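The values are calculated or read from the model by the stated rules, or taken from the named source; none is laboratory data. No experiment lies behind these values; they were computed from the predicted model shown. For neighbour counting, all protein chains shown are included, and Cβ atoms are generated from backbone atoms with ideal geometry for every residue, glycine included. Side chains are part of the model used for accessible areas, which takes the heavy atoms of the whole protein and leaves out ligands, DNA and RNA. Shrake-Rupley method; radii C 1.70, N 1.55, O 1.52, S 1.80 Å.
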Amino acid sequence: MLAVEVKNIKKTFKTKKDTVEAVKDVSFSVEKGEIFGLLGPNGAGKSTTILMLTTLLRITDGEATILGSDVATEDKSVREKIGVALQDTGIDNILTGRELFFSTARLWGYSTKDSETRTNELLELVGLTEAADRRVKTYSGGMKRRLDLGLSLVNSPEILFLDEPTTGLDPGSRRVLWDEIKRLRDRGVTVILTTQYLEEADELADRIAIIDEGLVVAEGTSDQLKASIGGDVITFSFSNKLDLENAKKILNDCKQEGNDLRITVQDGAGKIPSFVNELTANNIEIEAVSASKPTLDDVFLKVTGYRLEGSETSTKSEEVFGENQ
Amino acid sequence: MITKPSFFIQLGILTKRLILRVLRRPLAELPNIFISAFFLFVYDGALGGVFGGTASGTPFDFANGNFVNFILPVSIVSASLSGAASGIYLVEDIESGVFKRYQSMPISRWVIILAPMIVGAIRVLLQASLIMLIGKIIGADPAVGTVGFLIVLSLAFIWGMGFAGYSVAAGVKSGSSQGAQAATFLFFPAIFLAPTFVPREALKGWLETAAAYNPTTYVIESMRSVMVEGWVIDVLFRGYLAAGIFAAITLFFAVISARKATEKA
Ligand SMILES: Nc1ncnc2c1ncn2[C@@H]1O[C@H](COP(=O)(O)OP(=O)(O)OP(=O)(O)O)[C@@H](O)[C@H]1O
Ligand SMILES: [Mg+2]
């Protein structure tokens, strides 16, 4: 049985002014015991997808099952199997970490005694034992995220949904959380997480779906996605526009990004000399040239036509807003 | 090992959580207690000499010689407005996302709505009791005996639940704590378009008419009857009826709006 199976789900919000198609057509399936990453920019529809799969939003069209239970019709049994940590964390600031774990355990149906045990286990697991008796108000952003993760684990869920678990964390705290999530996976928990960080998807997710404007535009393991680029990426940099324009005519199928030209070829490193020879023979001055294995960013560029992060010259916000640097 | 907790266990846990929150923000309770106690002292001090007590025997003596008895219901009604906190608790949870977390767990949706109502009710009872205690210390003495305090308290409770329902409905509908807070806006017309300081017969034309349409009037009169006069069954009954109808209507709207809030979009 699949852990999660999503078939062509849609979500349309009707507001007073207009209708928003937050999720247009999303399908994917997640095997038991894997970390599945939904990668996409702001507004892609990640949270909306998570909310639908966790029974918190009604699915407009399409269907989804969690461990064989239909999300729309068997929402009670779905809720029993899943743990959820939402993007805008619902945490009671005025209670202490311990109180939150304890009352959550009680609400899930543990006896008073078991709730105490569970509380201590989980505080330990997410590294909050020291801070357990402080009010959550005093926790740092990273601690709150870990608390949130811990709270989503109280019922020992088989499937865990994490909506942008590391957004806003520093690299160190992010790594701590990654390790925790991997440990959970190693214990057999299936994890579906969303992220807008390429690195996170690359490092953490066993499989990735790239989602953009409510559509899944690519899906596979990180390696599969990179292989879909069809070779290595060679990047040529030029110091002046004229050289760049001339080079464009010589390099077939190249893509411009600022002062760079990129082409995708098999065996990039081996082909550099011949390209360089050809360009210099045409009096074109090359400032720098390098070959690299494709990154998820290249995949993202290929499937969406813009970059998610990194290169500042071709981000989507600039396409939209023009002068935005 | 895990068995789904009963409705009442769930209710207990969520209620306890809210009570903890109240206890940890004790200062938030003070303004309303203060205003209610202030009414009691100031009105008694300012008007007691004219209308009651020492002025007994004058045509103004409608308090049977004890103005505290006469003015205490106003303070109690003011204290019972603390029930409006229910809506604020609920909206705070919606705004902070705690509400969504509960929805993602197998918890009865009614529990999520009921817990803040119960805590609102507890607040009403505590604040009203406190005011009553102060009243007793400065000389309140119900005409029907000590049971009068319980009658006044029960009226305050029903009245407070009416405000709780109103605040829940207003809060959920507006989706912001300001909306719930707006419930306290009703406070002024409710308290002052009523026979607050003098009996209804002594009010001027338009105010008398307005007061007749204000359910607070009947609640205050009902409380006054047991404090000042004794058992006046029809007046007493009208108070319960006015408070009961008000509570029934607002609770109905609270339930409807709460159902909307817990519904999936
Ligand atoms: N309740 C709602 N009513 C109307 N539109 C909504 C609602 N919720 C989300 N949207 C819209 O749906 C789109 C997708 O939103 P969503 O929150 O799913 O994006 P996201 O991928 O999670 O983005 P982010 O990375 O910023 O969290 C956005 O355009 C958003 O404005
Ligand atoms: Mg989101």
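Quick rundown of the values:
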| read-out | value |
| --- | --- |
| Which listed residue, of A:Thr55, A:Thr19, is among the polar types (S, T, N, Q), more than 16 Å from ligand 2 (Cβ to nearest atom) and surrounded by fewer than 17 Cβ atoms within 10 Å (Cβ to Cβ) | A:Thr19 |
| Identity of the residue in region A:88-117, aliphatic (A, V, I, L, M) and part of a helix (DSSP H, G or I), that ends up nearest to the other protein chains (Cβ to nearest Cβ) | A:Leu107 |
| Residue match in region B:220-241 (condition: in contact with a Gly (Cβ under 8 Å, 6 or more places away or on another chain) and within 30 Å of B:Val111 (Cβ to Cβ)) | no |
| Matching residues, region B:1-32, being modelled with pLDDT under 80, surrounded by 15 or more Cβ atoms within 10 Å (Cβ to Cβ) and part of a helix (DSSP H, G or I) | B:Glu29, B:Asn32 |
| Any hit, region A:182-197, residues being over 30 Å from A:Lys293 (Cβ atoms) and in contact with a Gly (Cβ under 7 Å, 6 or more places away or on another chain) | yes |
| Top-ranked residue of region A:118-174 - restricted to ones that are polar (S, T, N, Q) and in a helix (DSSP H, G or I), ranked as least open to solvent (accessible area, probe 1.4 Å) | A:Thr119 |
| Failed item, numbered, when A:Ile59 is tested on (1) of a type outside the set (S, T, N, Q); (2) in a loop (DSSP other than H, G, I, E, B); (3) within 8 Å of ligand 1 (Cβ to nearest atom) | (3) |
| Pick from region A:6-23, criterion more than 13 Å from every other protein chain (Cβ to nearest Cβ) and over 18 Å from the mean Cα position of the chain (by Cα), ranking: farthest from ligand 1 (Cβ to nearest atom) | A:Lys7 |
| 3 or more residues closer than 24 Å to A:Glu213 by Cα: qualifying helices (runs of 4 or more DSSP H) within region A:224-313 | A:296-304 |
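Results for (1) of a type in the set (Lys, Arg); (2) within 16 Å of ligand 2 (Cβ to nearest atom), shown as yes or no for each residue.
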site: A:Gly43; (1), (2): no, yes
site: A:Ser47; (1), (2): no, yes
site: A:Ala64; (1), (2): no, no
site: A:Lys81; (1), (2): yes, no
